[in-house]
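Structure, as structure tokens:
Derivation of every value follows stated rules applied to the coordinates shown; laboratory data play no part. It should be emphasised that the depicted structure is a prediction, and the values quoted were computed from it without experimental measurement. When we count neighbours, we look across all protein chains shown, and the Cβ atoms used for this are built from the backbone with ideal geometry, even at glycine.
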Amino acid sequence: QVHLVESGGGLVQAGGSLRLSCAASGSIFTIYSMGWYRQAPGSQRELVARITSDGSTNYADSVKGRFTISRDNAKNTMSLQMNSLNPEDTAVYFCNVRWSRTTRGNEYDSWGQGTQVTVSS
């Protein structure tokens, strides 16, 4: 199993910034990609940003230019720097990893418990 722990959520005014972090731990494994998803009340979970093992990134249109995803492959950690936050960013943010036990092995998804981000106006 791969265990994920998020941190860094909180309450911030519109225009402010937050930095979320995710740490992956467990037995030795290979991570193919890591990402952040968010879910607002009454809404479906949506992709915010993802980063692959080679550093390729993609972002939701709504956060491009404001959020930056990064990872440390050696430490199996990932961060999301969120700037110019607005109330529409309010949601529970979840860390996700796509991983396998070995190269060419079966692939799995693991999820963190979520961290609340609330942006007030």
Notebook entry, point to check: What is the dipole size for the stretch 1-87, taken about its Cα centre, with +1 at each Lys and Arg Cβ and -1 at each Asp and Glu Cβ, in debye to the nearest 20?
Noted result: 80 debye
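Hey, what's the per residue convex hull volume over the C-alpha atoms of the stretch 20-90, in cubic angstrom?
100 Å³
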Notebook entry, point to check: Short version: ³J(HN,Hα) in whole Hz for each residue of the stretch 47-59, in order, from phi by Karplus 6.51 cos²θ - 1.76 cosθ + 1.60 (θ = phi - 60°), x for Gly and Pro, what are they?
Noted result: 6, 9, 7, 9, 9, 8, 5, 8, x, 5, 10, 8, 10
Checklist line | In sequence order, calculated HN-Hα J values of the stretch 67-84 (Karplus, 6.51, -1.76, 1.60; Hz; x Gly/Pro) | finding: 10, 9, 9, 8, 8, 10, 4, 5, 9, 6, 10, 8, 10, 10, 8, 10, 10, 6
Margin query: Apply the Karplus curve 6.51 cos²θ - 1.76 cosθ + 1.60, θ = phi - 60°, to the phi angles in the stretch 94-104 and return the couplings in whole Hz, x for Gly and Pro.
Written below: 10, 7, 9, 10, 9, 8, 9, 6, 9, 4, 6
Next item on the list: Between Gln39 and Arg101, with labels modelled 7 Å along Cα→Cβ, what's the label distance in nm to one decimal, could you check?
Entry: 2.8 nm
Checklist line | Kirkwood hydrodynamic radius of the chain, from inverse mean 1/r over distinct Cα pairs, in Å | finding: 14.5 Å
Next item on the list: For an R0 of 22 angstrom, estimate the FRET efficiency from the Cβ-Cβ distance between Gln81 and Ser25 and round to the nearest 0.05.
Entry: 0.50
